[in-house]
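A quick write-up on the structure given underneath.
Here, each number is a calculation from the coordinates, and none is a lab measurement. This one's a predicted model, so the numbers in the text were calculated from it and none came from an experiment. Heads up, the Cβs are rebuilt from the backbone with ideal geometry, glycines too, and the neighbour counts pull from every protein chain shown.
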């Protein structure tokens, strides 16, 4: 397929591929910025009001005793990840941590959807308008975005 | 400065969004066992951990009320005049009672 694109057998895709190749740096910047927005927004919301997050964790016996500690740990990691994404020197690390973090959140959502019969509400929580299924799709999208960002960053580093 | 443009923009949007959209709420867990308890302020526990809740049911799970409603007396005032249906709307999830 790559040869077909380069040889011009699929002119539409050729244009897109060339656009992506010429704007890799900008695309990586935009992806990193989206993750900064996501993590900073959720971390700030949780910092202002922890109760919804702790309430959701407490409904699961596996996390009930450490609900507060887990909440603080997640918020701290989100702030650190936002900083890693902000600094050019650590952007790649930030994208990797973003992918891992989103994967962990997605695994948690899948676990809750499969094993918890009555899903708790995240009343007042961040992005609370989303259902658990919508959250799952949202997370998978961002995982794919982070992987795309990591791949593009690697190509930028290789071409320098 | 150009390389920080998108990142700084994201930080600015995040802080502005939180400043303008986040409002503190109090969470009162419904502990009643019948539908008639929905309007009874004594059947609610402040910051109670929800359990047994889902998207279906005939009673509220945890109601979100303004931040200043943090005592039973204030909850009584807040719920006064509200129907069970209006109180149900304050709860994102529901539970089933008799």
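Using only DSSP helix segments of four residues or longer, with each worth -39500 (n - 2.57), what per-residue ellipticity at 222 nm results for chain B after dividing by its residue count and rounding to 500?
So the calculated ellipticity at 222 nm is -9000 deg cm²/dmol.
With angles folded into 0 to 90 degrees, how steeply does helix B:5-21 sit against the dominant principal axis of chain B? Use alpha carbons for both and round to 10.
Rounded to the nearest ten degrees, it is 30.
Is there a simple number for the mean count of other chain Cβ atoms within 10 Å of the Cβ of residues in B:8-19, and what is it?
Mean inter-chain Cβ contacts per residue within 10 Å come to 6.
Regarding chain B, what is the average projected area of its C-alpha convex hull, in nm²?
Result: a mean projected hull area of 8.1 nm².
In peptide B:45-53, what is the residue-averaged number of other protein chain Cβ atoms found within 10 Å of each Cβ?
Shielding by partners across B:45-53 averages 4.
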